[in-house]
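Here's the structure, in C-alpha cells; my notes come after.
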Amino acid sequence: MKENGVLELLAAPAGIGMYALMLFLEGTGLPGIPYEAFFLAAGVLIAAGRLALVPLLALATLANTLGTLAGYAAGRFGGRPLLERYGPFLGVRPGAVARVENWYARWGGAAIIISRIIGLTRTPAILLAGIARMDLKVYLFYSVLTSLGWCTAQQLVYLYLGQTAARFLSPRVLELITLGGVLLGVFYVLLFWLTCRRRARPS
C-alpha cells in the first residue's frame, strides 16, 4: 500500500503522540472522543507493516490507564460539586450515578469492569471512584485490566477493518477518513477547553 500524507504523519512520532492523546482523553471518561479514526489508521499502518501491534497496544493501554487515573483524581479532588457542575456536559445522568453507586457497594472495584462494558455508566464510575476515595491500588488494578482488554479488542477489530479498507478503498479515501477523525479530535478538545473556561467563570 502506498502511504499518503495523513497516514504517513500518523506513523511518525507526532502521530503516535496524537493516538496516545486520544486514548488518554477517552480514558478520562469524556464522552464522544473520536478514537475510532485513530484505531482505524493504526490498523491500516499495522497491516502495511509500518507499525508493530504489541508495542502499540502497550502504549494504548498505558495512555488509557493514565486517563482513568486523571479522571479518578478529578473526582477525588473535585468531589460531588464537580460531578454536579459538569455532569450534564459529560452526559452523566442521575440514574447512572445511582446505578454505579449500587455497583460499588455490591462489587467494589469490579464495578469498573462492568461500567466499561456499559458505556453510559463509565464516566460516573470513574469520577465516583475518586469521590468515594477508592483505594488507589484497587482502582489501578481494575483500570489496567479494563484498559488492556478494551484497547486490545478495539485495535484488533480496527486492524481487521484496516486490512479490509486497504483492499477496497483508495489511499485518498483512507486519507479523508483519517483526516476527518483527526480534525474532529482537535475540535472536540478545543470545545471541551472552551466549555470548561466558560463554566469556570463566576456566574
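The values are calculated or read from the model by the stated rules, or taken from the named source; none is laboratory data. What you see is a predicted model; the values in this text were computed from it and never measured. Using ideal geometry, Cβ is built from the backbone for each residue, glycine included, and neighbour counts are taken over all protein chains shown.
Restricting to helices (runs of 4 or more DSSP H) lying wholly in segment 81-200: which have 3 or more residues that are within 30 Å of A47 (Cα to Cα), modelled with pLDDT of 80 or more and under 15 Å from the mean Cα position of the chain (by Cα)?
On the way: elements: 94-107, 111-117, 122-131, 136-168, 171-200.
Helices (runs of 4 or more DSSP H) meeting the threshold: 136-168.
Taking each residue of segment 12-35 that is within 17 Å of A73 (Cβ to Cβ) and looking for partners that are of a type in the set (V, I, T) and not in a helix (DSSP H, G or I) with beta-carbon atoms closer than 7 Å, six or more apart or interchain, yields L25/I33; E26/I33. Condition check: out of contact with any Lys or Arg (no Cβ under 7 Å at 6 or more places or on another chain) and farther than 14 Å from Y139 by Cα. Does A70 satisfy that? Answer is no for this residue. Flag: G71 matches the condition of being within 14 Å of the chain's Cα centre (by Cα), modelled with pLDDT of 85 or more, closer than 23 Å to R116 by Cβ and among the small types (G, A, S).
Which ones in segment 38-52 are of a type in the set (G, A, S) and in a loop (DSSP other than H, G, I, E, B)?
Listed by number, the residues that qualify are A48, G49, A52.
Return yes or no: is A20 farther than 22 Å from V138 by Cβ and assigned to a helix (DSSP H, G or I)? Criteria met by A20. Just to be sure, is G49 at positive phi and either touching a Cys at 6+ places or on another chain (Cβ under 8 Å) or without any contact (Cβ under 8 Å) to a residue 40 or more places away in the chain (or both)? Here the answer is yes, as G49 does meet what is asked. The single condition among (1) of a type outside the set (A, V, I, L, M); (2) under 19 Å from Q155 (Cβ atoms); (3) part of a helix (DSSP H, G or I); (4) out of contact with any helix residue (DSSP H, G or I) (no Cβ under 7 Å at 6 or more places or on another chain) that E8 does not satisfy is (2).
May I ask you to verify whether L56 is surrounded by 19 or more Cβ atoms within 10 Å (Cβ to Cβ), outside any helix (DSSP H, G or I) and either at pLDDT 80 or above or not hydrophobic (A, V, I, L, M, F, W, C) (or both)? Break it down stepwise before answering.
Working: surrounded by 19 or more Cβ atoms within 10 Å (Cβ to Cβ): yes; outside any helix (DSSP H, G or I): no; either at pLDDT 80 or above or not hydrophobic (A, V, I, L, M, F, W, C) (or both): yes.
No; evaluated as a whole, the condition is false for this residue.
Taking the conditions (1) over 24 Å from M134 (Cα atoms); (2) touching a helix residue (DSSP H, G or I) at 6+ places or on another chain (Cβ under 7 Å) in turn, A74 satisfies each one other than (1).
Out of G43, G49, I need the residue that is more than 27 Å from G130 (Cβ to Cβ), surrounded by fewer than 16 Cβ atoms within 10 Å (Cβ to Cβ) and modelled with pLDDT of 80 or more. Which one?
Numbers: G43 fails: surrounded by fewer than 16 Cβ atoms within 10 Å (Cβ to Cβ).
Going through G43, G49 in turn, just one is more than 27 Å from G130 (Cβ to Cβ), surrounded by fewer than 16 Cβ atoms within 10 Å (Cβ to Cβ) and modelled with pLDDT of 80 or more: G49.
Is it fair to say G78 is more than 18 Å from V189 (Cβ to Cβ) and surrounded by fewer than 18 Cβ atoms within 10 Å (Cβ to Cβ)? Walk me through how you get there before you give the answer.
Numbers: more than 18 Å from V189 (Cβ to Cβ): yes; surrounded by fewer than 18 Cβ atoms within 10 Å (Cβ to Cβ): yes.
Yes.
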